[in-house]
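Only one structure is covered here, and it is reproduced in the block below.
Each reported figure results from applying straightforward, stated rules to the coordinates on display, with no laboratory input. The model shown is predicted, which means the values in this text are computed figures rather than measured ones. A quick note on method: Cβ atoms are made from the backbone with ideal geometry, for glycine too, and the neighbour counts reach across all protein chains shown.
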Amino acid sequence: VSGIWGRNIKYSIFGESHGKGIGIVIDGFPAGMKLDLEEIQFEMSRRAPGKSELTTSRKEADKVEILSGYFNGATTGTPLCAVIYNTNTISKDYDVIKNIIRPGHADYTGKARYDGFNDFRGSGHFSGRITASLVFAGAIAKQLLEREGIFIGSHIYSIYNIYDTPFDMNNVSLESLSELKQMDFPLFDKTVSSDMKNCILKAKEEEDSVGGIIEAAVINLPVGMGDPFFDSLESTLAHLLFSIPAVKGVEFGAGFKIAGMKGSDANDEFYIENNKIKTHSNNNGGLLGGITNGMPLIFRCAIKPPASIGKLQRTVDLSTGENTELSIQGRHDPSIVLRAVPVVEAAAAMAIADYIFQKGR
Ligand SMILES: Cc1cc2nc3c(=O)[nH]c(=O)nc-3n(C[C@H](O)[C@H](O)[C@H](O)COP(=O)(O)O)c2cc1C
């Protein structure tokens, strides 16, 4: 199986893009947790498409309906089930990919894995739409973390070859994270905004697409959260972040750059201030031995350019067994990066929330 994850809280995700709906069942949240439904819907709207010409023109409000596990404003402790009904589906857009496999998408591997029984309409279970359920689960996990004083925020670090200013890895304030969350196009350096947007629009015009990097920070994590080896906080985060369709790279702290440093530069030297142990740099991204060290946890996700593009590409028609060419029509995102921002935060919140409930901590 692949749709179930979690050690202390169990998540079971379901649905197809053009089926009746998508959703998630969450098992293991304690009874009596008050939920801020407005805040949940706000997170959903951060991911929802159709808000500007930078994203697909599909109009999906992504309104969540909670079916169970929630009563009189609080969780009941029994499985919490949420659905988002599909409303704006145009399945004929997808007839062409029934047999002609899209380069860069999961049509070929999905067919192979499910013996051709997979629902290919709208990319089925491989659609980015499925991540709406992650955002719902993440919104609740975030509320849980915020009660512990832990906050997550992120920004668009790059679009194609245009870069924002990175986080100051030693110092991330709650104010800066809150500010990013309220922004339609979250950046530190607002002067790169129009270049990034134009880059996306140009790709759209050229019937092409562009990728980018999302950089995220988690602050106020207690020192000592996580485990070594298989359940290291890095592994858990990476597990969930790589579950997000289109994420092709995850790095922590200095990430791949650390390989080109000397130990004397890479080591984060310690100091003590007001009885708190801190580090002068944060190349390890807040984690040592898979366990938090009290510095901001910093990670980046590489998001690939979406596969569905109008530009003519070489591929294979599985019904004839012949080489062919494909130009994908329909309503696709010229870049996923903006819409993936709340998804990345949600996956991180789910990963960290799992440790909050770890028995015997
Ligand atoms: C929010 C979101 C929206 C997406 N929208 C599209 C899209 O419009 N077109 C597309 O080809 N891929 C889109 N994707 C990515 C595909 O779902 C993904 O590339 C595909 O399932 C193959 O998986 P992989 O890229 O992880 O290998 C989206 C992903 C996310 C997270």
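Per-structure values
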| quantity | calculated |
| --- | --- |
| Phi-based couplings in Hz for the stretch 12-23 (Karplus 6.51, -1.76, 1.60; Gly and Pro marked x) | 10, 9, 8, x, 10, 4, 10, x, 5, x, 10, x |
| Using alpha carbons only: equivalent-ellipsoid semi-axes of the stretch 1-86, gyration tensor based, whole Å | 25, 16, 11 |
| Taking the stretch 98-229 and dividing mean pair separation by its residue count, relative contact order in percent (alpha carbons under 8 Å, at least six apart) | 27 percent |
| Long-range amide H partners of Ile100 with built H, under 5 Å | Leu318 |
| The stretch 140-178-the stretch 315-361 distance, computed between alpha-carbon centres (Å) | 20 Å |
| Value of relative contact order over the chain, rounded to a whole percent, pairs C-alpha under 8 Å and six or more apart | 22 percent |
| Peptides ranked, highest mean first, by Cβ atoms within 10 Å: ranges 219-231, 260-272, 5-17 | 5-17, 219-231, 260-272 |
| Relative contact order of the stretch 8-149, pairs being alpha-carbon contacts under 8 Å that are 6 or more residues apart, as % | 32 percent |
| Length gained when the stretch Ser319-Ser194 is fully extended (0.36 nm per residue, less Cα-Cα span) | 40.6 nm |
| Residue-wise HN-Hα coupling along the stretch 142-149, computed from phi with Karplus coefficients 6.51, -1.76, 1.60 (Hz; x: Gly, Pro) | 4, 4, 5, 5, 4, 5, 8, x |
| Candidates Thr56, Thr78, Thr320: whichever shows maximal mean-square fluctuation once the chain is modelled as a Gaussian network with Cα springs under 10 Å | Thr320 |
| FRET efficiency, 1/(1 + (r/R0)^6) with R0 22 Å, evaluated for Asp168 and Lys311 via beta carbons | 0.05 |
| Sites Tyr271 and Phe242 - FRET efficiency at Förster radius 22 Å, r taken between beta-carbons, to 0.05 | 0.05 |
| Amide H partners (placed H, <5 Å) of Ser127, local residues excluded | Ser17 |
| Phi to ³J(HN,Hα) by Karplus 6.51 cos²θ - 1.76 cosθ + 1.60 over the stretch 106-123, Hz, x for Gly, Pro | 9, 4, 5, 5, x, 5, 5, 5, 10, 6, x, 8, 5, 6, 8, 4, x, 6 |
| Residues Lys51 and Arg7, FRET efficiency given R0 of 25 Å [Cβ-Cβ distance, rounded to 0.05] | 0.10 |
